[in-house]
1. For segment 400-420, which residues satisfy the criterion of being surrounded by fewer than 19 Cβ atoms within 10 Å (Cβ to Cβ) and under 14 Å from PHE367 (Cβ atoms)?
2. So which residues in segment 461-483 are surrounded by 15 or more Cβ atoms within 10 Å (Cβ to Cβ) and basic (Lys, Arg), if there are any at all?
3. Could you give me the residue pairs with C-beta distances under 6 Å whose first residue belongs to segment 611-635 and is aromatic (Phe, Trp, Tyr), whose second residue is surrounded by 15 or more Cβ atoms within 10 Å (Cβ to Cβ) and assigned to a loop (DSSP other than H, G, I, E, B) wherever it lies, and which are 6+ apart or on separate chains?
4. If you take the residues of segment 669-701 that are more than 21 Å from LEU625 (Cα to Cα) and either β-branched (Val, Ile, Thr) or touching a strand residue (DSSP E or B) at 6+ places or on another chain (Cβ under 7 Å) (or both), which of them is surrounded by the fewest Cβ atoms within 10 Å (Cβ to Cβ)?
5. With the requirement that a residue be modelled with pLDDT of 90 or more and closer than 25 Å to ALA48 by Cβ, what does segment 629-639 give you?
6. Is segment 154-168 home to any residue that is in a strand (DSSP E or B) and among the charged types (D, E, K, R)?
7. Go over the candidates SER665, SER701 one by one and state the one that is hydroxyl-bearing (Ser, Thr, Tyr) and in a strand (DSSP E or B).
8. Given PHE603, PHE611, which one is touching a Lys or Arg at 6+ places or on another chain (Cβ under 7 Å), surrounded by fewer than 19 Cβ atoms within 10 Å (Cβ to Cβ) and not small (Gly, Ala, Ser)?
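The values are calculated or read from the model by the stated rules, or taken from the named source; none is laboratory data. What you are looking at is a predicted structure, and each value in this text was computed from that prediction instead of being measured. Note: ideal-geometry Cβ built from the backbone for every residue, glycine included; neighbour counts use all protein chains shown.
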Amino acid sequence: MKLLLPLFILSFLAFDSSAQFTLKGRITLQGDANAAFGAAVYITELQAGTTADSTGKFSLSGIPAGLYTIRVSYVSLPPIIEKNVRIDRDLSRNFELKADAQALDEVVVSGTMREVSKLDSPVPVDVITAKFIYKNPVPSIFEGLSYVNGVRPQLNCNVCNTGDIHINGLEGPYTMVLIDGMPMVSGLSTVYGLSGIPNSLIERVEIVKGPASTLYGSEAVGGLINIITKNPAKAPLFSADVFGTTWQDYNVDLGVKFSPGEKTSSLLGLSYYNYQRPADHNSDGFTDLTLQNRISLFNKWSFGLKGNRQASIAGRYYYEDRWGGQMNWNRTHRGGDEVYGESIYTKRFELLGSYQLPHKLTFQYSFSSHNQNSAYGKVPFRADQKIAFAQLLWDKQVGKHNFLLGTPVRYTYYNDNTTATRYADGGDHADRIFLPGIFVQDEIRVGAHAVLLGGRYDYNSRHGSIFTPRAAYKYKFNQTDVIRINAGRGFRIVNLFTEDHAALTGSRQVIVKEALDPEQSWNVNVNVIKKIVTGDAFVGIDASVFYTHFTNRILPDYDTNPNEIIYDNLDGYAVSKGVSLNLDFNFPFPLKINAGGTYMDNFQREHGVRFRPVLTERFTGVWALTYEFSKSGISVDYTGNIYGPMRLPLLSEADPRAARSPVWSLQNIQVTKKFTGGLEIYGGVKNLLNFTPPANSIARSFDPFDKNVQFDPHGQVVATPENPYRLTFDPSYVYAPNQGIRGFLGLRYTLR
């Protein structure tokens, strides 16, 4: 017996040390009845994990006794990390994933103008969070959308770096940009206003691809970008984000929250960007990057009202001084013909707010004033635009019908020193447009089916009546599979000189052949969402097919006469069609992959001839990979995009520059170290492949005023020994930024 007891103890200890246990439980989402299908559960020390099924349940077996770090993650929410969890028996553990200020908010408003779960919205909405933008830090939202599938910031000038945002291959004027659901960025401000929206005030960005004219007006033909600012009540007490690059450009974003009353909160933000070091790495004599000195002040107030109602008001002032041009340019050359430069002073003021009234009535209002004082070489351009907007919304639930009624009214004042506001009498007259309207939307839900029907009527004081219908259908098979079909009409009134920078720069003559009629379009979009669990990984699939048919489309004609830009209504039709695919991968280990691609076929047909518009790519691809080292608090982000060939604007058939751009890609890597107390330090490399466009992108950069160009009596360029290719100065041949590889370093601090 004395020998048996030690043997029994030893055998028990051996059994205990080899025992393995099971961790199981259920993962749910905060404020959502749905389970966190596909959420990953990962044990760091064992480098093992699993994913939750469609009911949110998970089970991970074969765990030796010990202390472990458990990490629960989901594609759209911040992870849960629990350290020193003792597992010495079968353990049942439930987790609830919650959103934070930087998480993807599952509630969206842009598709239907009311708060609704993203999965339940009849209109597909892409949501971009501040956390996603931080994967590749940039000084403005314009650059921050470079890695969103189907969305491409397009530079329109090699000299002043103006740009707009393309959605599914459609030019910038077809994209409506909203701030908190109100049309703040349009007309004149689409040229330089986008670069002045700081990331510090952004909570998230919602993107609708396709028709949204019924709810938001005639500019939302190709889609809309709704920039939703932070709620002061939920904002951190203090936030700071400061970074710089080896090009010596610097960006500072600061935010301070204060609460003067129990139901009153305010957020004060400051954004400053500075770049003052002229660089000419391609040796064309011109600055590669426009020099900028930009400041933006933002203040937003939120108020709690009786009956759980809310009110808010926000204001922003923005000033920018930018110039680009020949390296020896200075301000004494502004507006002259000795040294070429493009100098733009921009002053902008915005006011916007909302007030919830009883009986589910909401009053929204905004006002913006945009003043631009520019000199494009020796061509002065001075413009002033003011936009006032207000609308009353009524949201009413009647049985299975959810009605939304809106009465928007918009007033636009615009004046400049060009022929756009010059009448036949030779006098300068400001352009004033009064645009009242009414829209109604009915969202009907019956079981798994949802139907959205809407119509909008506007009366434009210049063009008369505008009617834009819209319809959407959604069928939710289960928690993992959804199909949506959207269709609608678009209607857009062109403001030539406020939307097309090419009309103001370079030496081409601008020809407007006749009074331009409004553009019209019909759009159809089919969207399918599917979530798949494969082994221990989760894959989210989001696929779309889109088709837009235009009549009366207006695009610049660079081909008929190389010395002219001709604007006219298309005598025919134009089509934009394609397919888009987004993939989200969530693994049991701390790796997340977001990737997407869009293939497009955009063309115009006129007089039986089909041709592609310039600066329209065949395909785009984007990706973002994130890997986290939980123990060290280090994460690595690898982001990138790739663009297919675009047709480029040549000056003549003899132009030696390539008629199409190559396949090109911008890729970045970032390493972030998180410390306790809200401090982050990050750094990395932008444009890893060091891609830049050709050095001869600016035609005749050595003769920007065409002083040595000879013309015949018909205005055509004559070939000479000095100019054998019959070129004139032209900076519109641009498809990619001129900034090559560069390092960056920054810090982020948040106090809650």
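1. Listed by number, the residues that qualify are VAL409, TYR411, TYR413.
2. Selection gives ARG470, LYS474, LYS476.
3. Close Cβ pairs (under 6 Å, with a partner that is surrounded by 15 or more Cβ atoms within 10 Å (Cβ to Cβ) and assigned to a loop (DSSP other than H, G, I, E, B)) amount to PHE619/GLY644.
4. Step one: filter segment 669-701 for residues more than 21 Å from LEU625 (Cα to Cα), giving 675-679, 692-701.
Next, from what is left, pick out any that are either β-branched (Val, Ile, Thr) or touching a strand residue (DSSP E or B) at 6+ places or on another chain (Cβ under 7 Å) (or both): 676, 678-679, 692, 698-699, 701.
Numbers: THR676: 6, GLY678: 16, LEU679: 14, THR692: 18, ILE698: 27, ALA699: 25, SER701: 22.
Within segment 669-701, the match that is surrounded by the fewest Cβ atoms within 10 Å (Cβ to Cβ) is THR676.
5. To start, the set of residues in segment 629-639 that are modelled with pLDDT of 90 or more comprises 634-639.
Across segment 629-639, the qualifying residues are ILE634, SER635, VAL636, ASP637, TYR638.
6. Within segment 154-168, the first condition is being in a strand (DSSP E or B), and the residues that meet it are 154-155, 163-167.
Now restrict to residues that are among the charged types (D, E, K, R): 164.
Yes, segment 154-168 contains at least one residue that is in a strand (DSSP E or B) and among the charged types (D, E, K, R).
7. Values: SER701 fails: in a strand (DSSP E or B).
Only one candidate qualifies: SER665.
8. Details: PHE611 fails: touching a Lys or Arg at 6+ places or on another chain (Cβ under 7 Å).
Sole residue among the options that is touching a Lys or Arg at 6+ places or on another chain (Cβ under 7 Å), surrounded by fewer than 19 Cβ atoms within 10 Å (Cβ to Cβ) and not small (Gly, Ala, Ser): PHE603.
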